[in-house]
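Asks: One structure follows; several queries about it will come next.
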Amino acid sequence: MFESVLELLFPAACAGCGCAGAVLCAACTPPAGAAARLQIGWLDVRAAGRYDGALRTAILAYKRGRRDAGNVLAALLAERVAADLGAEAVLVPVPTATKRLRERGFDQGARLAQQLGSRANRPVLLALRRRDSDAQRGRSRIERLHARGHFACVAPELVAGVRIVLVDDVVTTGSTLLDCAAALQECGAFVREAVVLAFA
Ligand SMILES: [Zn+2]
């Protein structure tokens, strides 16, 4: 809420260099050539750029709650990847950790996917949740063993047979993406692609 007030008062300082006039100025916007594509396990992952310079600064600003930075990042991602999203694809965001969610007051991952979805005209499904340690504590040992990954599919009937594209902010090793893909595939989804803001 405080951040929203700040955005109203100071609407457009570049998240990369701080100059006035744009949330991410032309000089700080990563060039189209910075877009990258990487194979992680069985996933074809596309990113708007590398996690450094102004793109990194803008992502960090978004994570700290600057929603205007998120709008610009979503637009950048849409510009770079929308054309490659299949007509059948449904976007599923990697869920944000609940602790970070509480600190920030909004789910930046879900918001990014929704903005990308509206720009690329693709539906968004919040089909995953994090298995938090609180939930694990109440389970029996057998139940914990069954819950191998860190994510669970919460909408099995909606993802079965559906082609899903995962959406996340920054990818490092890719283990989170693979974990999410595995949870969806166990429910019958077809997951071969992910789009992210940046590769670390
Ligand atoms: Zn700038």
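Asks: Let me check something: with ligands and nucleic acids excluded, how do Glu193, Glu88 order by accessible area (1.4 Å probe), largest to smallest?
Replies: These residues rank, largest area first, as Glu88, Glu193.
Asks: Along the Cα→Cβ direction, 7 angstrom out, place labels at Arg192 and Ser118. What is the inter-label distance in nm?
Replies: Spacing of the two 7 Å Cα→Cβ label points: 3.1 nm.
Asks: Need one number: nm distance between label points at Ala200 and Ala182, each 7 Å from Cα along Cα→Cβ, rounded to one decimal.
Replies: Reported label-point gap for Ala200 and Ala182 is 1.9 nm.
The values are calculated or read from the model by the stated rules, or taken from the named source; none is laboratory data. Quick caveat, the model's predicted, so the values are computed rather than measured. Reconstructed Cβ throughout: ideal geometry from the backbone, glycine too, with neighbour counts over all protein chains shown. Heavy atoms of the whole protein, side chains included, go into the accessibility calculation; ligands, DNA and RNA do not. Shrake-Rupley method; radii C 1.70, N 1.55, O 1.52, S 1.80 Å.
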